[in-house]
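The structure under discussion is supplied below as structure tokens; questions concerning it will follow.
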Amino acid sequence: MELSDIRRRIDEVDDEILSLFLQRMDLSEAVAAYKKGHQLPILNKTREREILSRMAEKAGARERYVYPLYTTLFQLARTRQQELMEIPSLVGAQIRASLSREEAVFPQTGTVACQGVEGGNSQAACDRLLPRGRIVYVRSFEAVFDAVESGLCQFGVVPIENSSYGSVRAVYDLLQRKRFSIVRSTRLCIRHELLALPGTQLSDITRIYSHQQAIGQCSRFFATLPGVQMIPWDNTASAARLVSEGGSSHAAAIASPACAQLYGLVPVARDIQNSDNNYTRFICITRDPAIYAGSGRISLILSCDNTPGALYEVLSRLAALGINMTKLESCPVTGRNFEFIFFLELEASVHAPGVLPMLEELERSYQGFQFLGCYGEV
């Protein structure tokens, strides 16, 4: 048989598959109507396992190709049933309430909590996210959340990940423990300098202060300084202020170039970060859910069973809707052995068809589900 003949036959089979698929979706809609009338849940794992077992037996040696095919069909059917049944859900109510208050643009003003002091990267992120905002400096990431939770500040800005040193786990832990919404994000190119008092030489320095993230981002530089003590500090800018106020020629800080002029220091070494492509992503949080115009990124948390294919089922739901996942990170559940939660970031909007029903289904199917927000990135 010639290749053209084979392809012609494939086209014919594809037409048959499409016709049968549409018939199957029609039947799924009939199932949805029955379930709605009899108040039955959408998910029926027993029924799905029966179908998978029967199809796998019929497929023989090609069984491993049948599993992803039918799990995708199940996902598409459940998504359609969810759309038709309109079962109330917490995430649905949260998103609809947020949309009812939707603003034309993200605000340029407001009171914003920021960890650290003037000159830090968090302050630069605040200025980018809320150019005319009033910054309230606090000591820790948790204090940022507390300031927003208490109503002292409308917004809070915290770093969530760095391109070369990874995630800020303390922030992920706070997002998991406290119910806040992400309403905006931005990325900053981070440059680090080794700052000290005027007249200080590199050979004079015996201890260096900075935030743990900054220390990690400059690890290659520190490998060239044997015997120098690295001391974690609350914030890069507060480390620079400490060195400035301390008056010791043996102390230095890793901080941004802006801190040199701000705190009367000089750079002993410039651009000491491991990579020139060193970016930190910051998020803006609020106590009350809000979705602003132009929001095209979704963040959420969920946990799934430690069984084969459990995570695949989550990913197949996204693939079925053509949603691109930009981040998937697992974090251990505190106090539980070998149990993990997953942080997901998606390129999607709650306005897109099928997205809200998909989120509602995830909420019903997976423990620990938490919708963190739908937002735009500056």
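Only the coordinates and a few stated rules stand behind these numbers; no lab work does. The structure presented is a predicted model; accordingly, all values stated were derived computationally and were not measured. Note that we place each Cβ from the backbone using ideal geometry, even for glycine, and neighbour counts take in every protein chain shown.
Build a GNM of the chain with springs between Cα atoms under 10 Å: which of Leu129, Leu344, Leu18 gets the top mean-square fluctuation?
Fluctuation is largest for Leu18.
Evaluate the relative contact order of the range 1-87 (contact order divided by residue number), counting alpha-carbon pairs under 8 angstrom at least 6 apart; express in whole percent.
Relative contact order of the range 1-87: 36 percent.
Pull out a ≥ b ≥ c, the square roots of the eigenvalues of the alpha-carbon gyration tensor of the chain, then state rounded if a/c is under 1.5, prolate if not and a/b is larger than b/c, and oblate in the remaining case. Intermediate values should be presented prior to the final figure.
Numbers: a/c = 2.78, a/b = 2.02, b/c = 1.37.
Verdict is prolate for the chain.
Additional query: From the backbone phi of the range 84-94, what are the Karplus-calculated ³J(HN,Hα) couplings (6.51 cos²θ - 1.76 cosθ + 1.60, θ = phi - 60°) in whole Hz, Gly and Pro given as x?
So the Karplus estimates, Gly and Pro as x, are 7, 7, 6, 6, x, 8, 5, 5, x, 5, 5 Hz.
Moving on to the next point. I want to check the label-to-label distance for Arg132 and Lys45. Put each point 7 Å from Cα in the C-beta direction and report it in nm to one decimal.
5.3 nm
Rounded to whole Å, give me the distance from the Cα center of the range 355-378 to that of the range 199-277.
41 Å
Please identify every one of the GluC sites (Glu not before Pro) in the range 72-179 that sits in a loop by DSSP and has no more than 16 other beta carbons within 10 Å of its own beta carbon.
Values: sites: Glu83, Glu86, Glu102, Glu103, Glu118, Glu142, Glu149, Glu161; in loops: Glu86, Glu102, Glu103, Glu118.
Those that pass, being in a loop and sparsely packed, are Glu86, Glu102, Glu103, Glu118.
Another question, if that's okay. Rounded, prolate or oblate: which one fits the range 77-234, using the alpha carbon gyration tensor with axes a ≥ b ≥ c (rounded when a/c is under 1.5, else prolate when a/b beats b/c, else oblate)? Don't jump to the answer; show the numbers that get you there.
On the way: a/c = 2.95, a/b = 2.04, b/c = 1.44.
Verdict is prolate for the range 77-234.
Between Ala104 and Asn324, what length in nm is gained on full extension when 0.36 nm per residue of separation is reduced by their alpha carbon distance?
Working: separation 220, 0.36 × 220 = 79.20 nm, distance 2.57 nm.
Additional length available on full extension: 76.6 nm.
Rounded to the nearest 500, what is the 222 nm mean residue ellipticity of the chain from helices alone, with -39500 (n - 2.57) per DSSP H run of 4+ residues and division by all residues? Provide the component values of the computation, followed by the final result.
Numbers: 13 runs with 162 residues, N = 378.
Helices in the chain give a 222 nm mean residue ellipticity of -13500 deg cm²/dmol.
Only Cα pairs under 8 Å and at least 6 apart count here; give the relative contact order of the chain as a rounded whole percent. Don't jump to the answer; show the numbers that get you there.
On the way: 690 pairs, mean separation 73.7, N = 378.
RCO, the chain: 20 percent.
Toward the positive end of the charge dipole of the range 55-179, about the Cα centre and with charges on Cβ (Lys, Arg +1; Asp, Glu -1), which of Ile135, Tyr65, Leu76 goes farthest?
Tyr65
Using a ≥ b ≥ c from the Cα gyration tensor of the range 1-87 (square roots of the eigenvalues), is it rounded, prolate or oblate, where a/c under 1.5 gives rounded and otherwise the larger of a/b and b/c decides, a/b for prolate?
Working: a/c = 3.49, a/b = 1.76, b/c = 1.99.
Because a/c hits 1.5 or more and a/b fails to exceed b/c, the range 1-87 counts as oblate.
In nanometres, what is the gap between the two model label sites at Gln23 and Tyr279, each 7 Å from Cα along Cα-to-Cβ?
4.9 nm
Note the full-extension length gain between His38 and Gln212 as 0.36 nm times their separation in residues minus their Cα-Cα distance, in nm to one decimal.
Details: separation 174, 0.36 × 174 = 62.64 nm, distance 5.63 nm.
Difference between extended and current length: 57.0 nm.
Now a separate question. Using unit Cβ charges (K, R positive; D, E negative) and no other charged atoms, how large, in debye to the nearest 20, is the dipole of the chain about its Cα centre? Before the final figure, lay out the partial values.
Details: 39 positive and 41 negative charges, 108 e Å.
The dipole of the chain has a size of about 520 debye.
If the cut-off is 21 Å between C-alpha atoms, which lysines fall inside it for Lys35, apart from same-chain ones fewer than 8 positions away?
Cα-Cα hits under 21 Å: Lys45.
Give me the percent relative contact order of the range 193-269, please, defined on Cα pairs under 8 angstrom at least 6 residues apart.
51 percent
Tell me which aspartates and glutamates have Cα within less than 16 Å of Lys58's Cα, excluding those fewer than 8 residues away on the same chain?
Reachable aspartates and glutamates: Glu48, Glu50.
If I model a spin label at Ala93 and Ala352 as a point 7 Å from the Cα along the Cα→Cβ vector, what separation in nanometres do I get?
2.7 nm
Further question: Can you give the charge dipole size of the range 225-378 about its Cα centre, rounded to the nearest 20 debye, using +1 on the beta carbon of Lys and Arg and -1 on the beta carbon of Asp and Glu? Spell out each step's value before the answer.
Working: 9 positive and 15 negative charges, 56 e Å.
It works out to roughly 280 debye.
Here's something else I'd like to know. Please list, or write none, the lysines whose alpha carbon is within less than 30 Å of the alpha carbon of Lys178, excluding same-chain residues fewer than 8 places away.
Excluding near neighbours in sequence, the set is Lys327.
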